[in-house]
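Engineer: To start, I am sharing the structure in question, which I have written as structure tokens.
All of the numbers you see were taken from the coordinates with simple rules; none came from a lab. From a predicted model like this one, the values you see are computed outputs, not experimental measurements. All Cβ positions, even for glycine, are placed from backbone atoms using ideal geometry, and neighbour counts span all protein chains on display.
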Amino acid sequence: METHSNRSIVGRLAPSPTGAQHVGNARTYLLAWLSARSQGGRVILRIEDIDSPRVKPWAVQQAMDDLRWLGLDWDAGPDDALNEVRDICAGREAASVGSYVQTERLSFYRAALDELKRRELVYPCTCTRSDIEAAASAPHVGQEGPVYPGTCRHRQAADAVPLAGQPFAWRFRYQEWSLFPFVPKEYVDLVAGKQRCLPEELGDFVVCKVDGTPAYQLAVVVDDHAMGITEVIRGDDLIASTFRQLALYASLGWTPPQFGHVPLVIGPDGRRLAKRHGDTRLSTLHEAGVPAECLVGYLAWTCGLQSHRNAVRPNDLVGQFAWERLPRSPLTLTERDWQTLLSMSP
Ligand code: GLU
Ligand code: ZN
């Protein structure tokens with residue numbers, strides 16, 4: 001363990017308040033927090049609430065309560081009246097960071113989009129979902145939709161003006177742009193090791209939606225850059241997105257953070273833990289009187305950070321943390337595991 005404080009490492013917790021946080025989210029947050037803290041780094045909390053209409057207003061406070069209950073803290077975040085002071089102490093202009101809530105950061109995303117337009121790296125796309133499905137050559141696999149077939153790629157940014165009245169999204173020219181050698185087609189993941197992509201399998205992607213709201217890919221890059229994030233730890237369902245984000249970093253001339261993608265928690269059917277698997281909410285455990293240390297101990301055990309399920313606080317694990325200890329396969333949570341969690345007591 002590095003005992004000296006390394007203020008230059010900045011990690012982040014980035015919950016989406018689209019519903020309750022569950023055991024799988026907790027495991028990822030714990031790992032992201034431990035990675036930063038074990039290097040003496042800072043942790044930022046950012047609320048990723050631009051995904052309307054899926055965002056639930058109650059879920060913002062709930063996510064913060066869940067994180068606090070788990071024992072995960074942050075140095076800057078939406079609740080923090082001292083943000084400005086801290087930013088100044090960290091040698092940053094407070095105004096350059098702004099809010100830690102995405103819906104309060106729209107002007108930053110707009111500025112980045114304008115820059116991409118100026119560089120002709122985005123074009124207006126009028127395709128509907130069914131247009132894309134009909135024109136896509138190969139059936140798509142997994143959760144990602146079909147690869148965009150390039151229908152509107154001939155347009156330039158200025159072509160958006162005559163389209164007024166017709167709804168359009170802004171799409172990033174990924175497939176052409178990725179031909180340039182400075183757009184990374186591989187990177188070394190902190191957790192998953194060397195990753196490669198085939199740009200034609202990703203296709204051009206949306207950076208601003210039809211309703212004018214920025215898409216996740218753009219918002220996350222603008223925010224991680226503005227907030228000085230040096231390492232992004234998240235679920236491994238986002239590895240493909242990392243290549244899109246690396247392309248955005250390259251096109252905006254920004255240095256990307258390091259990325260680490262952790263295996264997801266899945267249900268017995270092999271799919272990512274979700275509502276269909278029943279209740280796995282952190283708030284249910286909390287309300288049932290399960291001590292957070294018991295859940296953290298259980299999760300730490302599944303992460304190879306301790307040999308038994310002993311109750312621990314995240315702080316107690318900082319010295320033990322090492323990525324090598326984390327199993328590389330997804331963690332399956334069964335109904336029986338959930339019952340075990342529910343019955344845990346001090
Ligand atoms: N807000 C996303 C989520 O909760 C995380 C995105 C990211 O870490 O880049 O799944
Ligand atoms: Zn199109």
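Engineer: Check the chain and count each lysine pair with an alpha-carbon distance under 25 angstrom, considering only pairs eight or more places apart or from different chains.
Structural biologist: 5
Engineer: Now for a separate question. Helix 292-302 sits at what angle to the longest principal axis of the chain, using alpha carbons and giving 0 to 90 degrees rounded to 10?
Structural biologist: Computed tilt is about 70 degrees.
Engineer: If one takes the longest principal axis of the Cα atoms in the chain, at what angle in degrees, from 0 to 90 and to the nearest 10, does the Cα axis of helix 58-70 lie?
Structural biologist: 40
Engineer: Separate question: Between helix 23-38 and the chain, what is the angle of the helix's C-alpha long axis to the longest principal axis, kept within 0 to 90° and rounded to the nearest 10?
Structural biologist: Its long axis makes an angle of about 90 degrees.
Engineer: Quick one: Debye curve from the alpha-carbon atoms of segment 131-208 only, equal weights, vacuum; give me log10 I(q)/I(0) at q = 0.15, 0.20, 0.28 Å⁻¹ to two decimals.
Structural biologist: -0.67, -1.03, -1.37
Engineer: In a GNM of the chain with a 10 Å cut-off on Cα contacts, which of GLY150, GLY260, GLY41 has the highest mean-square fluctuation?
Structural biologist: Of GLY150, GLY260, GLY41, the most mobile in the Gaussian network model is GLY150.
Engineer: Put +1 on the Cβ of every Lys and Arg and -1 on every Asp and Glu Cβ in the chain; which of THR280, ALA76, GLY203 then has its Cα farthest towards the positive end of the dipole?
Structural biologist: About the Cα centre, the residue reaching furthest to the positive side is GLY203.
Engineer: What is the fewest-to-most order of GLU201, GLU287, GLU293 by other Cβ atoms lying within 10 Å of their Cβ?
Structural biologist: In order of increasing Cβ crowding within 10 Å: GLU287, GLU201, GLU293.
Engineer: For Cα pairs less than 8 Å apart in space and 6+ apart in sequence, what is the mean separation divided by the residue count of the chain, i.e. the relative contact order in percent?
Structural biologist: Relative CO of the chain lands at 19 percent.
Engineer: Something else about it: Please report, in whole Å³, the volume per residue of the convex hull around the C-alpha atoms of the chain.
Structural biologist: Dividing the Cα hull volume of the chain by its residues yields 147 Å³.
Engineer: Turning to a different aspect of this structure: I need the per residue convex hull volume for segment 117-176, using only the alpha carbons, in cubic angstrom as a whole number.
Structural biologist: In segment 117-176, the Cα hull volume divided by residue count equals 91 Å³.
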